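> Just dropping this structure here.
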Amino acid sequence: MAHEFRDEADQRRYAMYVDGELVSVLDYRENDDAVTFPHTYTVPAHRGHGYAGELVAYAVDDVEARNDKRIVPMCWFVGTWFDEHPEKTPLLSRNVAD
C-alpha cells in the first residue's frame, strides 16, 4: 500500500492518502509564530490503522523542518500524540501568543 502525505495549503490541512484514497486529515492554522492543529479526522472505514498518528508525525516533522514556529495542539489527538512523543515537546507552545 502506497502512503502519500500532502500539505494541502489551499485547504489549510495536511492529508494522508493510501493507494490514492484520502484516509486522514489534520487541519492547521498559522500565525506569525505558531501553527495550531485544531482538528484531526480519519475516514471511519480507515480508523484503527494508525493513519492519524502517522499524519501527525509527518505534520510535526514538516513544521519543524520548514520554520521555527511553535505548535499549539488544540485537538485532543494531537495533544495525546505529543504525550507519547516527549522528544518533540520542545516544539510546543502553551498558547498562540508564546
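> Among what's in region 30-47 and is within 11 Å of the chain's Cα centre (by Cα) and within 22 Å of Pro90 (Cα to Cα), pick the residue that is most open to solvent (accessible area, probe 1.4 Å).
Quick first cut of region 30-47, residues within 11 Å of the chain's Cα centre (by Cα) only: 35-41.
Still in the list and also within 22 Å of Pro90 (Cα to Cα): 35-40.
Numbers: Val35: 5, Thr36: 20, Phe37: 0, Pro38: 51, His39: 84, Thr40: 25 Å².
The selected residue is His39.
> Is there a residue being under 18 Å from Gln11 (Cα atoms), open to solvent by 30 Å² or more (accessible area, probe 1.4 Å) and not aromatic (Phe, Trp, Tyr) anywhere in region 48-57? Walk me through how you get there before you give the answer.
So in region 48-57, the residues under 18 Å from Gln11 (Cα atoms) come out as 52, 55-56.
Filter again for open to solvent by 30 Å² or more (accessible area, probe 1.4 Å), leaving none.
There is no residue in region 48-57 that is under 18 Å from Gln11 (Cα atoms), open to solvent by 30 Å² or more (accessible area, probe 1.4 Å) and not aromatic (Phe, Trp, Tyr).
> State which residue pairs qualify: first residue without any contact (Cβ under 8 Å) to a residue 40 or more places away in the chain and part of a strand (DSSP E or B) and inside region 30-50, second residue of a type outside the set (Val, Ile, Thr) and open to solvent by 80 Å² or more (accessible area, probe 1.4 Å) in any location, beta carbons under 6 Å apart, and separation of 6 or more residues or different chains.
Pro38/Met74
> Something else about it: What are the residues in region 29-51 that are within 20 Å of Arg70 (Cα to Cα) and of a type in the set (A, V, I, L, M), if any?
Ala34, Val35
> Within region 8-28, which residues are under 18 Å from Ile71 (Cβ atoms) and open to solvent by 90 Å² or more (accessible area, probe 1.4 Å)?
Arg12
> Considering only region 65-96, how many residues are basic (Lys, Arg) and either surrounded by fewer than 16 Cβ atoms within 10 Å (Cβ to Cβ) or more than 16 Å from Glu30 (Cβ to Cβ) (or both)? Give the steps one after another, and end with the answer.
Here is the first cut: in region 65-96, the residues basic (Lys, Arg) are 66, 69-70, 88, 94.
Now restrict to residues that are either surrounded by fewer than 16 Cβ atoms within 10 Å (Cβ to Cβ) or more than 16 Å from Glu30 (Cβ to Cβ) (or both): 66, 88, 94.
Residues flagged as basic (Lys, Arg) and either surrounded by fewer than 16 Cβ atoms within 10 Å (Cβ to Cβ) or more than 16 Å from Glu30 (Cβ to Cβ) (or both) within region 65-96 amount to 3.
> Just the residues that are farther than 15 Å from Gly50 by Cβ, under 13 Å from the mean Cα position of the chain (by Cα), assigned to a strand (DSSP E or B) and of a type outside the set (Phe, Trp, Tyr), please, taken from region 1-24.
Arg6, Asp7, Glu8, Arg13, Ala15, listed by residue number.
The values are calculated or read from the model by the stated rules, or taken from the named source; none is laboratory data. Quantities reported herein were computed from a predicted structural model and do not represent experimental measurements. We place every Cβ from the backbone using ideal geometry, glycine too, and count neighbours over all the protein chains shown. In case anyone asks, the SASA skips ligands and DNA or RNA and just uses the protein heavy atoms, side chains included. Shrake-Rupley method; radii C 1.70, N 1.55, O 1.52, S 1.80 Å.
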